[in-house]
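One structure is given here, and the rest of the page talks about it.
Taken together, the values in this text are just the output of simple stated rules run on the coordinates, not laboratory data. Being a predicted model, the structure only gives us computed values, none of them experimental. For neighbour counting, all protein chains shown are included, and Cβ atoms are generated from backbone atoms with ideal geometry for every residue, glycine included.
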Amino acid sequence: MVADPAVSVVIGDDGLARPVWAASDPLLRDYYDHEWGLPVTNEQGLYERICLEGFQAGLSWATILRKRPAFRAAFENFNPDAVALFTDTDVERLLLDQGIVRNRLKILATIRNAKATLALRPEGGLVDFVWQFKPAFTPRPVHHHEIPTQTEESVALSKALRKKGFAFVGPTTMFALMEAIGMVDTHLAGSHRRGSSGIWPEPFY
């Protein structure tokens, strides 16, 4: 379902308010209720989110969620130590895997990002590197159209990750990552999840 800019939230049959995009599809609803916007502060989890956000480019997030079990199986549960060792043979194998998004550039980026993740460890690691771009303020949208697609911080994060060797980490993709891992809170003001990350407690202005 495409979010209607004139609508803030939709009340579900359980009485809880959610944005339009999370109101109907059971998979998206569960993801919204239990995962999206909660802090991700472990290396493997963050590496997975970066890679999945990259695979999502040009596709719907529902498609990626439905394929996530297959992605995890294909990429060793997104263990960067294991994925960094993937060879050309693995790439060709993955291109035949109907359970994932079979895009050569995105598969290569996942391997490249694993190597870049390992390279960051002597500098403090991926988690500290990404979270240093947490903004001083978060959006407080009432309607979907008030949510930005990128910010000064997501542009800076994108540039910094690219310099460290990461791929498929554009500013819009990185803002989606920041939303997903709780670095910003773009839950609509009327949503039952607003302020649930513990990072941006309500009221926040």
On a 0 to 90 degree scale, rounded to 10, what angle separates helix 171-180 from the longest Cα axis of the chain? 70 degrees
Explain nothing, just the number: relative contact order of the chain, from Cα pairs under 8 Å at least 6 residues apart, as a whole percent. 29 percent
Folded to 0 to 90 degrees: helix 152-163 orientation relative to the chain principal axis, Cα: 10 degrees
Let me see the P(r) profile for segment 43-180: every Cα-Cα distance counted, bins of 5 Å, each bin given as a percent of all pairs. 2, 10, 20, 23, 19, 14, 8, 3, 1, 0
Which order do the peptides 109-115, 128-134, 18-24 take when ranked by the mean count of other beta-carbon atoms within 10 Å per residue, highest first? 109-115, 18-24, 128-134
Under 16 Å between alpha carbons, and skipping anything fewer than 8 positions from residue 134 in its own chain: which lysines qualify? 159
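Assuming R0 = 25 Å, what is the FRET efficiency of residue 24 and residue 146, from their Cβ-Cβ distance, to the nearest 0.05? Mind dumping the intermediate values first?
Details: r = 22 Å, r/R0 = 0.86.
FRET efficiency, residue 24 to residue 146: 0.70.
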Taking 0.36 nm per intervening residue step and subtracting the Cα-Cα distance, what contour gain separates residue 66 from residue 34 on full extension? 9.9 nm
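How much net charge surrounds residue 168 when only other residues with a Cβ under 13 Å from its Cβ are counted (Lys, Arg +1; Asp, Glu -1)? Can you show the working numbers first?
Numbers: positive: 49, 104, 106, 112, 162; negative: 53.
Taking every other residue near residue 168 into account, the sum is +4.
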